[in-house]
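The values are calculated or read from the model by the stated rules, or taken from the named source; none is laboratory data. The structure displayed is predicted, hence computed values, not measured ones. Cβ placement follows ideal geometry from the backbone for every residue including glycine, while neighbour counts extend to all protein chains displayed.
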Amino acid sequence: MSEHTLAAEPTHSVWDRSLAPRLRIAPGDEVQIECTDSSGGQVGPRSTIQEFLAIDRTRIHALTGPIWIEGAEPGDVLEVDALATRHCGWGWSSVLQGLGFLKDRFHIPHFFLWDLEGDVTRSLFPAVVPLRPFLGVMGVARAENGAFRTRPPGPFGGNLDVRELCAGSRLYLPVLNAGALFSCGDGHAAQGDGEVCINGIECPLDVTLRFRLHKQQPLEGPIVEASEKIAPDSTADAWVVVESGTDVAETARAATGRMIDLLVSRWGFDDVQAYILCSVALKLRLSQVVNEPMFTVSAALSKQVLPPRTLFPLQ
């Protein structure tokens with residue numbers, strides 16, 4: 001195992017498998033990665049709303065990468081272990097006309113700065129908001145040729161905004177190109193399910209990630225192995241299937257179906273038994289509802305319900 005560092009600049013704001021990798025690593029290596037806030041450094045801890053409204057929005061989701069993982073090939077699974085996250089003491093949230101889950105109600109632009117005090121923020125008095133830093137965007141290059149904006153998530157991962165991806169958790173992604181070409185960014189110090197106003201607490205974030213490779217393993221889309229060690233709440237210790245789509249109901253069905261398939265293939269349930277188990281124990285949640293036309297649904301099953309299992313045994 002080797003350790004590497006990767007500075008944020010130069011960032012990129014598209015998925016494009018023709019982008020040259022900025023770092024090449026071997027499976028098992030750890031990388032300390034610097035990520036700007038989602039504005040690409042255009043917003044700072046003393047920015048005004050006028051400055052915020054004037055930013056270049058083509059730079060939104062400024063990502064660090066791509067990282068080439070030696071030996072990665074289409075059909076493999078890339079395991080990304082989130083070992084540590086470190087915020088920089090400040091963050092921001094906003095409301096913009098025409099965006100957000102309640103865009104018909106909130107029309108006036110608003111910009112809010114947060115002071116981050118270690119594990120909490122008291123900036124929105126009298127609330128005390130616990131911090132749970134994670135990357136909103138983690139993904140591999142898409143399978144198609146061309147440059148694609150980062151807002152829509154997909155089977156490759158991307159703009160998932162799944163709050164369980166904090167330190168201590170693992171993300172499994174299907175590899176779609178040689179080298180995988182992993183990129184990440186969009187740091188959040190905290191986020192509610194749905195991210196309803198369009199932002200969590202957006203912030204620059206330094207992360208330490210470890211990359212492992214599982215050769216020729218079928219995987220339709222992202223799976224999260226969430227950890228109770230960092231954030232002991234009802235879904236922190238769970239298997240989480242992540243699905244994105246344009247129809248919320250169909251996306252929820254797809255996430256539930258993939259969880260059933262996981263229970264059948266890894267724990268040996270009959271499919272109807274897995275269906276019943278999901279009906280009594282599955283937490284089906286909206287992780288984000290604001291990246292229209294795409295919605296992200298997380299289907300989480302507590303590890304307390306199932307015998308311990310390594311999803312992809314190390315080879």
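Conditions (1) on the phi > 0 side of the Ramachandran plot; (2) among the charged types (D, E, K, R); (3) at pLDDT below 95, marked per residue:
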{"position": "Asp56", "(1), (2), (3)": "no, yes, no"}
{"position": "Leu63", "(1), (2), (3)": "no, no, no"}
{"position": "Arg86", "(1), (2), (3)": "no, yes, no"}
{"position": "Pro130", "(1), (2), (3)": "no, no, yes"}
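Taking each residue of region 82-98 that is over 18 Å from Ser183 (Cα atoms) and looking for partners that are assigned to a loop (DSSP other than H, G, I, E, B) and among the charged types (D, E, K, R) with beta-carbon atoms closer than 8 Å, six or more apart or interchain, yields Gly91/Asp37; Trp92/Asp37; Gln97/Lys103. Among the residues of region 276-300, write down those that are more than 18 Å from the chain's Cα centre (by Cα) and buried (at least 17 other Cβ atoms within 10 Å of the Cβ). Selection gives Leu277, Cys278, Leu282. Per the listing Glu51, Glu3, the residue uniquely over 25 Å from Arg151 (Cβ atoms), over 17 Å from the mean Cα position of the chain (by Cα) and free of Cβ contacts under 8 Å to residues at least 40 places away in the same chain is Glu3. The condition of being charged (D, E, K, R) and modelled with pLDDT of 95 or more holds for only one of Asp186, Asp104, Asp119, Asp193, that being Asp186. Screening the candidates Ile55, Ile25 for the property of being among the aliphatic types (A, V, I, L, M) and buried (at least 16 other Cβ atoms within 10 Å of the Cβ) yields one hit, Ile25. Checked against (1) buried (at least 24 other Cβ atoms within 10 Å of the Cβ); (2) touching a Pro at 6+ places or on another chain (Cβ under 9 Å), Pro133 meets all criteria but (2). Please enumerate the residues belonging to region 58-75 that are closer than 19 Å to Pro27 by Cα and buried (at least 22 other Cβ atoms within 10 Å of the Cβ). If the condition is that a residue be closer than 19 Å to Pro27 by Cα and buried (at least 22 other Cβ atoms within 10 Å of the Cβ), then Thr64, Gly65, Pro66, Ile67, Ile69, Ala72 are the ones that fit. Anything in region 38-69 that is in contact with a Phe, Trp or Tyr (Cβ under 7 Å, 6 or more places away or on another chain), in a loop (DSSP other than H, G, I, E, B) and either of a type in the set (Ser, Thr, Tyr) or over 24 Å from Gly89 (Cα atoms) (or both)? List them, or say none. Within region 38-69, no residue meets the criteria.
Of the residues in region 221-230, not one is within 21 Å of Trp90 (Cβ to Cβ), of a type in the set (Asp, Glu) and either out of contact with any helix residue (DSSP H, G or I) (no Cβ under 7 Å at 6 or more places or on another chain) or buried (at least 23 other Cβ atoms within 10 Å of the Cβ) (or both). When restricted to residues that are at pLDDT 95 or above and either of a type in the set (Phe, Trp, Tyr) or in a loop (DSSP other than H, G, I, E, B) (or both), region 1-37 contains 21.
Note on region 144-162: residues that are surrounded by fewer than 19 Cβ atoms within 10 Å (Cβ to Cβ) and not in a loop (DSSP other than H, G, I, E, B) total 2.
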